[in-house]
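**Q** Right, I'll just put the structure down here and ask away after.
Readers should treat all values here as calculations from the given coordinates under stated rules, not as data from a laboratory. Bear in mind that the values here come from a model prediction, so they are computed numbers and not experimental data. All Cβ positions, even for glycine, are placed from backbone atoms using ideal geometry, and neighbour counts span all protein chains on display.
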Ligand SMILES: [Zn+2]
């Protein structure tokens with residue numbers, strides 16, 4: 001299924017996603033819920049940072065309205081991993097999550113945003129309908145649901161790190177947008193407001209993503225709460241999970 005990237009979306013959508021299944025996702029689910037945000041938590045079975053959510057905690061997060069998505073078993077880079085190994089990582093993690101949650105898991109996120117054609121094919125063959133990347137500075141879901149871009153990571157990257165991310169994703173349009181329209185001198189708040197307002201004006205998708213362990217490590221809980229407060233409760237805006245976002249855009 002390909003979605004024209006120029007499709008007009010109607011009411012703006014705000015979605016969030018959070019990777020790595022750290023135990024601080026419990027606090028994050030509560031915070032998102034308090035401000036009326038929804039989101040998708042992408043959960044692997046090997047910790048990027050200890051401790052991982054337990055199965056009981058995963059069920060608790062899911063019960064709060066957060067979507068749970070796959071993030072492989074061991075969080076490998078899938079670029080160059082090959083079709084068979086990628087399929088195994090994708091299949092086994094999907095099965096384990098579905099066993100824990102008792103429901104289908106339909107959204108996936110590539111570890112570190114690394115992918116190639118075989119990684120995408122593995123995700124497709126194992127039955128995922130959506131796969132998120134780390135491509136940023138977008139306010140649409142893009143043209144390929146298995147390469148879904150985002151608006152911004154909730155992390156104050158240096159200009160140098162941003163350039164490296166554009167390079168890793170071979171993202172020339174994003175680089176140009178950053179260097180011109182969205183201002184490479186803007187801080188995190190400035191970038192968030194610029195992209196959010198762009199989505200609000202044009203009926204697009206604002207997609208904020210990050211890691212709860214990073215909020216702990218870099219003391220970003222306060223800044224995140226202030227951001228959520230600022231963007232919450234806007235009239236006419238739909239606050240959705242990643243899967244709901246794709247569905248809404250597919251059937252406007
Ligand atoms: Zn990850």
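**Q** Suppose each label sits 7 Å from its Cα in the direction of the beta carbon; what would the residue 59-residue 74 distance come out to in nanometres?
**A** Placing both labels 7 Å beyond Cα along the Cβ direction yields 2.9 nm.
**Q** Suppose we keep just the DSSP beta bridges with both residues in the range 13-250; what percent of those would be antiparallel, to 5?
**A** Working: 1 of 24 bridges.
Around 5 percent of the beta bridges assigned by DSSP in the range 13-250 are antiparallel ones.
**Q** Please give the peptides 188-196, 140-148 ranked by average Cβ packing (other Cβ atoms within 10 Å per residue), highest first, as a rough proxy for protection. If you can, show how the numbers build up before the last one.
**A** Working: 188-196: 18.3, 140-148: 20.4.
Answer by packing, highest mean first, reads 140-148, 188-196.
**Q** Let me test this: with uniform point scatterers at the alpha carbons of the range 18-141, what is the Debye-based log₁₀ I(q)/I(0) at q = 0.17, 0.22 1/Å?
**A** -0.83, -1.30
**Q** Tell me the mean residue ellipticity at 222 nm calculated for the chain from its helices only (DSSP H runs of n ≥ 4, each -39500 (n - 2.57), averaged over every residue, nearest 500). Walk me through the intermediate numbers first.
**A** Details: 10 runs with 106 residues, N = 252.
Calculated mean residue ellipticity at 222 nm is -12500 deg cm²/dmol.
**Q** Right, here's the next one. Using only the Cα atoms, work out Rg/Rh for the chain, with Rh taken as the Kirkwood radius, to two decimals.
**A** Details: Rg = 16.8 Å, Rh = 18.1 Å.
When Rh is taken as the Kirkwood radius, the ratio is 0.93.
**Q** What number, in percent, do you get for the relative contact order of the chain if the mean sequence gap of Cα pairs under 8 Å and at least 6 apart is divided by its residue count?
**A** On the way: 471 pairs, mean separation 73.2, N = 252.
Once divided by the residue count of the chain, the mean separation gives 29 percent.
**Q** As an exercise, take the mean of 1/r over every pair of distinct alpha carbons in the range 201-252, invert it, and state the Kirkwood radius in angstroms.
**A** On the way: mean 1/r = 0.0768 Å⁻¹.
It works out to 13.0 Å.
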